[in-house]
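The values are calculated or read from the model by the stated rules, or taken from the named source; none is laboratory data. Note that this is a predicted model, so its numbers are computed, not measured. Backbone-built Cβ (ideal geometry, glycine too); neighbour counts: all protein chains shown. Just the protein is used for accessible areas: all its heavy atoms, side chains included, with ligands, DNA and RNA removed. Shrake-Rupley method; radii C 1.70, N 1.55, O 1.52, S 1.80 Å.
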Amino acid sequence: GAISQRIQSRYWRRAKDLPLSGRRVELQVLVRRFRCDAVLCGRQIFAERFGDRILAPRARRTDRLDHIVQHLGLALGGRPGASFAARMMLPVSNDTLLRVVRQRARVPSDPLRVIGIDDFAWRRNHRYGTIVCDLERRRPVVLLPDREPATSEAWLLRQPLIHTVARDRGGGYGEAVARALPQAVQVADRWHLMENASRAFLDAVRKSMRQIRG
């Protein structure tokens with residue numbers, strides 16, 4: 001917390017920035033290292049900071065470039081985002097796009113009350129997982145490694161404030177919710193209601209095709 005003017009050394013930092021006139025831009029920033037004069041300070045030498053809104057510590061991209069990278073990752077994903085970034089003269093890979101999205105994702109701090117739970121495919125017809133979404137704030141909360149009821153039940157036991165769960169008609173998630181949160185109300189979400197209604201309609205039409213054609 002003390003001010004120091006004793007410069008220990010200097011070094012160069014390189015950070016990528018937004019392109020200019022169709023050219024890639026890299027900033028070369030001369031950073032000063034200072035020596036702390038406080039006797040009891042455990043960190044004798046510290047580097048100059050530029051603020052997280054400009055250039056975060058150890059960052060290789062400026063904050064404004066990082067925001068663009070994040071939005072590309074959110075909108076397009078990995079490979080499509082990297083391909084579009086190359087056209088914009090932004091040197092980022094598909095792994096970098098996904099990594100920035102994960103790093104900037106906000107960790108939910110509010111207690112969960114209304115959730116949706118469903119399965120998804122890690123690899124179709126081979127491996128499935130479970131996704132849980134906060135339906136009040138419309139954002140995903142967690143991805144579970146499989147769709148076994150025991151896995152979902154173990155996670156739900158740590159969320160005692162949930163009072164409403166939207167799920168599909170499969171019995172696995174219903175059993176998990178009933179055991180972990182017996183007080184919670186289980187409902188069908190809108191997507192599954194429309195899917196079930198569409199399927200029932202098509203089944204009724206197929207059964208009556210002879211009468212319809214006649």
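Rounded to the nearest Hz, the phi-derived 3J(HN,Hα) couplings of region 89-102 under the Karplus curve 6.51 cos²θ - 1.76 cosθ + 1.60 (θ = phi - 60°) are 6, 9, x, 10, 9, 5, 5, 5, 4, 5, 5, 5, 4, 5, where x marks glycine and proline.
Across region 105-180, counting alpha-carbon atoms alone, Rg and Dmax equal 12.0, 35 Å.
Given a 1.4 Å probe and every protein chain left where it sits, what share in percent of the accessible area of region 45-96 is carbon and sulfur? Looking at region 45-96 in its full context, I get 54 percent from C and S.
Grab the beta carbon distance between Arg32 and Leu143, set R0 = 41 Å, and tell me the FRET efficiency rounded to 0.05.
Values: r = 43 Å, r/R0 = 1.06.
It comes out at approximately 0.40.
Given the C-alpha centroids of region 58-76 and region 118-153, what is the distance between them in whole angstrom? Distance between centres, Cα-based: 27 Å.
Per residue, how many Å² of accessible area does region 125-214 show with a 1.4 Å probe?
Values: 6260 Å² over 90 residues.
In whole numbers, region 125-214 has 70 Å² accessible per residue.
Can you tell me the 0 to 90 degree angle between the C-alpha axis of helix 171-180 and the longest principal axis of the chain, rounded to 10? The answer is roughly 60 degrees. Comparing Cα centroids, region 78-108 and region 182-214 end up 39 angstrom apart. A simple spin-label model places the labels of Ser9 and Glu195 5.9 nm from each other, with each point 7 Å out along Cα-to-Cβ. In order along region 75-82, the phi-based Karplus estimate (6.51 cos²θ - 1.76 cosθ + 1.60, θ = phi - 60°) of 3J(HN,Hα) comes to 7, 10, x, x, 5, x, x, 5 Hz; Gly and Pro are listed as x. Recomputing volume of the Cα convex hull per residue in Å³ from the coordinates shown identifies the correct label among (i) 221; (ii) 168; (iii) 115 as (i).
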